[in-house]
2 protein chains.
Amino acid sequence: MFKFSKLAAIGLSAVVLAGTAVAQTKPEDAIAFRQAGYKFMAWNTTRIKMNLEGQYNKDEVIQAANAIQAIANSGMGKLYLPGTDKGKGFHDTKVKPELFTDKEGVGKVGKAFNEAANEMAKVAATGDQAAVKEQFGKLGQSCKGCHEKFKVDDKK
Amino acid sequence: MFKFSKLAAIGLSAVVLAGTAVAQTKPEDAIAFRQAGYKFMAWNTTRIKMNLEGQYNKDEVIQAANAIQAIANSGMGKLYLPGTDKGKGFHDTKVKPELFTDKEGVGKVGKAFNEAANEMAKVAATGDQAAVKEQFGKLGQSCKGCHEKFKVDDKK
């Protein structure tokens, strides 16, 4: 399994220190790429939920948890390039300006999310449905932790 | 590392045999979810390419290859639900109708892609740049293998 939580957490807070490979990415592409990552994770959280509520398929939960883990650890923070606080990828970005200034806050929620995603994959592999349910709740909290601070609430 | 190539290949050809968890997914969501998966993989193939062409960062290539691997093995085939041969997710689907009928052909390109993605992650972990370059070429061929048969060529 992956051991990139530290790396990824650094990636998520290294908004300014984007590497050469990412510096060449166009703002609209960077926004679309991060939206794609979140959307694909949304599919996978949805199906873990459906498995917990319906017929439990261990293999599917493992596939879903592994996808979430790998995306969480992919260093998506690099996609928050300067100039991507506004703009359109697949749709208008919902990022709050605070994400680009609150380095410490971003690092904190990023780390919590990475840890929860790594643990989710670990627990999914056991097939212990009760443990999966518990960890899934924690994963959801870690998503929420970032959304509340750094994502525009479009329900308002 | 993951060992789901067989499972995922089955998933990719099991267009008709969608599980209960996916059967509840709305067509427009299924299309958006698969577009998200491909888009996120596109980011990751792009940055492997950039690393090969510019300054090579072993950790970033590992992150990228692991993300591609986990998405490849996530069972995305389940998102090709009946009724999703046409329709809009983030944009109009580019799938050809053949994907829903050519079970054998889909299984073949799916298997080739999963194997290439698994090998890509394995090679990335070694940090051997020449080997990464070679395997990256093979991964690209496996993407192309599916695109040529089952994706509408929007360059035409």
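Numerical summary
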item	result
Pair list, Cβ under 6 Å, 6 or more apart: region A:106-128 residue in contact (Cβ under 8 Å) with a residue 12 or more places away in the chain, other residue in a helix (DSSP H, G or I) and of a type in the set (D, E, K, R)	A:Ala116/A:Lys138; A:Gly127/A:Lys58
Candidates B:Lys96, B:Lys88, B:Lys58, filtered to the one that is more than 14 Å from every other protein chain (Cβ to nearest Cβ), surrounded by fewer than 22 Cβ atoms within 10 Å (Cβ to Cβ) and on the phi < 0 side of the Ramachandran plot	B:Lys96
Conditions (1) within 7 Å of chain A (Cβ to nearest Cβ); (2) crowded, with 24+ Cβ neighbours inside 10 Å; (3) modelled with pLDDT under 90; number of the one not met by B:Leu12	(1)
Hey, B:Glu98 touching a residue at least 40 places away in the same chain (Cβ under 8 Å) and among the acidic types (Asp, Glu) or not	yes
Total residues in region A:40-55, condition part of a helix (DSSP H, G or I), of a type outside the set (Val, Ile, Thr) and either in contact (Cβ under 8 Å) with a residue 24 or more places away in the chain or at the interface with chain B (Cβ under 7 Å from one of its Cβ atoms) (or both)	9
Any chance A:Asp85 is free of Cβ contacts under 8 Å to residues at least 24 places away in the same chain, assigned to a loop (DSSP other than H, G, I, E, B) and either in contact with a Leu (Cβ under 8 Å, 6 or more places away or on another chain) or under 25 Å from B:Asn66 (Cα atoms) (or both)	yes
Yes/no for A:Gly105 being in contact with a helix residue (DSSP H, G or I) (Cβ under 9 Å, 6 or more places away or on another chain), in a helix (DSSP H, G or I) and more than 26 Å from B:Phe90 (Cβ to Cβ)	yes
Leading residue by the ranking (surrounded by the most Cβ atoms within 10 Å (Cβ to Cβ)) among those in region A:15-54 that are more than 26 Å from A:Gly89 (Cα to Cα) and modelled with pLDDT of 95 or more	A:Ile48
Matching residues, region B:113-135, being assigned to a helix (DSSP H, G or I) and surrounded by fewer than 21 Cβ atoms within 10 Å (Cβ to Cβ)	B:Glu115, B:Glu119, B:Lys122, B:Ala125, B:Thr126, B:Gln129, B:Ala130, B:Ala131, B:Lys133, B:Glu134
Odd one out for B:Ala112, checked against (1) within 14 Å of chain A (Cβ to nearest Cβ); (2) of a type outside the set (Lys, Arg); (3) closer than 19 Å to B:Ser142 by Cα	(1)
So B:Gly77, is it within 30 Å of B:Gln129 (Cβ to Cβ) and either in a helix (DSSP H, G or I) or modelled with pLDDT under 95 (or both)	no
Selection count, region B:136-156, where residues are outside any helix (DSSP H, G or I) and touching a residue at least 60 places away in the same chain (Cβ under 8 Å)	1
Residue, surrounded by the most Cβ atoms within 10 Å (Cβ to Cβ), within region A:65-78, restricted to residues that are facing another protein chain (nearest Cβ under 8 Å) and touching a Gly at 6+ places or on another chain (Cβ under 8 Å)	A:Ser74
A:Val109 being of a type in the set (Val, Ile, Thr) and crowded, with 21+ Cβ neighbours inside 10 Å	yes
Long-range neighbours under 6 Å by Cβ, at least six apart or interchain, first residue assigned to a loop (DSSP other than H, G, I, E, B) within region A:58-73, second not aromatic (Phe, Trp, Tyr)	A:Asn73/A:Ala8
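The values are calculated or read from the model by the stated rules, or taken from the named source; none is laboratory data. In this text, all values refer to a predicted model and were calculated from it rather than measured experimentally. With ideal geometry, Cβ positions are generated from the backbone for all residues, glycine too; neighbour counts draw on all protein chains shown.
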